[in-house]
Each structure stands twice: as structure tokens, then as C-alpha cells.
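Student: The structure's right below; bear with me while I get my questions together.
The values are calculated or read from the model by the stated rules, or taken from the named source; none is laboratory data. No experiment lies behind these values; they were computed from the predicted model shown. Methodologically, a virtual Cβ is constructed for each residue, glycine included, from the backbone with ideal geometry; neighbour enumeration extends over all protein chains shown. We work out accessible area using only protein heavy atoms, side chains counted, and drop any ligands, DNA or RNA first. Shrake-Rupley method; radii C 1.70, N 1.55, O 1.52, S 1.80 Å.
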Amino acid sequence: MRNIVKGIIVLMILVACDSNRVFEEYKTIDPAGWHKDSVASFTVEIQDVEPGHNLYMNIRNQGNYPNSNLWLFLEVQSPDGQVLTDTVEYTLAEKTGKWTGSGIGDLFDNQFLYRQNVRFEQAGEYRFLIRQGMRAKQLKGIHDIGLRVEKQK
């Protein structure tokens, strides 16, 4: 019981110290695979447009992921209806085959900087839509996809 209380206190301190975080969320991918038409959708409420923001892609892959990289198609919809589309590639394994990021067991966690010092033009609701951009119709081995938005320090 004492260890549980200590764990909860440590977790609360870590969360409280993350004061720059505006948004962070993960979407779990279907264990059967990430279908090329499936969309991970994130809705982010931006209230303070003054500071620059850093945007991160969070990717959790399993050890059975068959590739060393991951291509993503992104669409960002602003409150006024403007749409920005982008394609990005992230490396999940070194040339030696060693997975990047931190891992526990057969799950590896990476956080990649997507955009730095982004200036949102207006306050409101932004939608981030993410699709896998690999050749596989049903991409296996990606466990979660996430988005983090933080105020630039």
C-alpha cells in the first residue's frame, strides 16, 4: 500500500512539472493492423496563440514491426477551415536493426519533433488527422500513435 501511495505522489509531481503541455493524447491502433484508410484524429483547443508551440508525433511500435521507418500523412484543419497537408517520415530502427526510443519488453516508445515554434494564427479548435503512409494496406506492428502540443520554453 505504501508503494502505491509513493507511486501516485511521484506521478502527480511529474504531471504537475509538465506545465508547458497544452495537449497530449494517444490513439491505440487496431491489433489487426493500421489500415491505410484509418485515421487517427486529435482535436486540440488552442487558447493562447502568443507563444510558439512545438508539435510532436508520439509513436509506439512493437518489436514485430516489419520496417525501420514510418511514413505519415497529416492533415491539420484550423478553426477557420483552412487545411494544411504534410507528409513526414520517422526512423524507428537504426541500420543495425536496434529499435530507437525507449522500450519495455516488446514495445518501443518514440517522440519525434514534427514542427518547432509553430505560431497558431487564431484561438480555437484545431483537428489533426493522421494516416499511415506505408505501402501496406494493413500495417502491422504500430501499437499507438500520439500527438503532443506544448508551449515553447
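Student: Taking the Cα atoms of the chain alone, what are Rg (to one decimal) and Dmax (as a whole number) in Å?
Tutor: 16.9, 52
Student: With the dipole of the range 76-142 worked out from charges on the C-beta (+1 for Lys and Arg, -1 for Asp and Glu) around the Cα centre, which of 105, 78, 117 lies farthest toward the positive end?
Tutor: Checked the options; the winner is 105.
Student: Loop only per DSSP, at most 11 neighbouring Cβ atoms within 10 Å: give me the trypsin sites (Lys or Arg not before Pro) in the range 16-55, ordered by residue number.
Tutor: none
Student: Sticking with this one: Loop-only check: which trypsin sites (Lys or Arg not before Pro) in the range 69-124 are DSSP coil with at most 13 other Cβ within 10 angstrom?
Tutor: When the trypsin sites (Lys or Arg not before Pro) of the range 69-124 are filtered for loop state and at most 13 Cβ neighbours within 10 Å, 95, 98, 119 remain.
Student: With every protein chain present, what is the per residue accessible area of the chain (1.4 Å probe, Å²)?
Tutor: Numbers: 9300 Å² over 153 residues.
Solvent-accessible surface per residue comes out at 61 Å².
Student: Shifting gears a bit: Check residue 139: other-chain or 5+ apart residues with amide H under 5 Å from its amide H, H built from backbone geometry?
Tutor: Residues meeting the criterion, in which the H sits 1.01 Å from N, are 34, 35, 36.
Student: State which stretch of the chain is the longest one without any exposed GluC sites (Glu not before Pro), exposure meaning a DSSP loop state and at most 15 other Cβ atoms within 10 Å.
Tutor: Longest run free of exposed loop sites: 1-93.
Student: Right, here's the next one. Give, rounded to the nearest 20 debye, the magnitude of the charge dipole that the chain has about its Cα centre when Lys and Arg contribute +1 at Cβ and Asp and Glu contribute -1 at Cβ.
Tutor: Dipole about the Cα centre, nearest 20: 600 debye.
Student: While we're looking at this one, here's another question. Where the convex hull is taken over the Cα atoms of the range 75-153, what is its projected area averaged over directions, in nm²?
Tutor: Directional mean of the projected Cα hull area for the range 75-153 stands at 7.4 nm².
Student: Starting from the amide H of residue 114, placed 1.01 Å from N in the peptide plane, find each other amide H under 5 Å away whose residue is 5 or more places distant or on another chain.
Tutor: The list, which skips near neighbours in sequence, is 55, 56, 57.
Student: If you don't mind, there's one more thing I want to ask. Each residue of the range 22-31 in turn: what ³J(HN,Hα) in whole Hz from Karplus with 6.51, -1.76, 1.60 and θ = phi - 60°, glycine and Pro shown as x?
Tutor: After applying 6.51 cos²θ - 1.76 cosθ + 1.60, I find 9, 7, 7, 8, 10, 10, 7, 8, 3, x Hz.
Student: Right, something else. Taking all protein chains in place and a 1.4 Å probe, what share, in percent, of the accessible surface of the chain do carbon and sulfur account for?
Tutor: 51 percent
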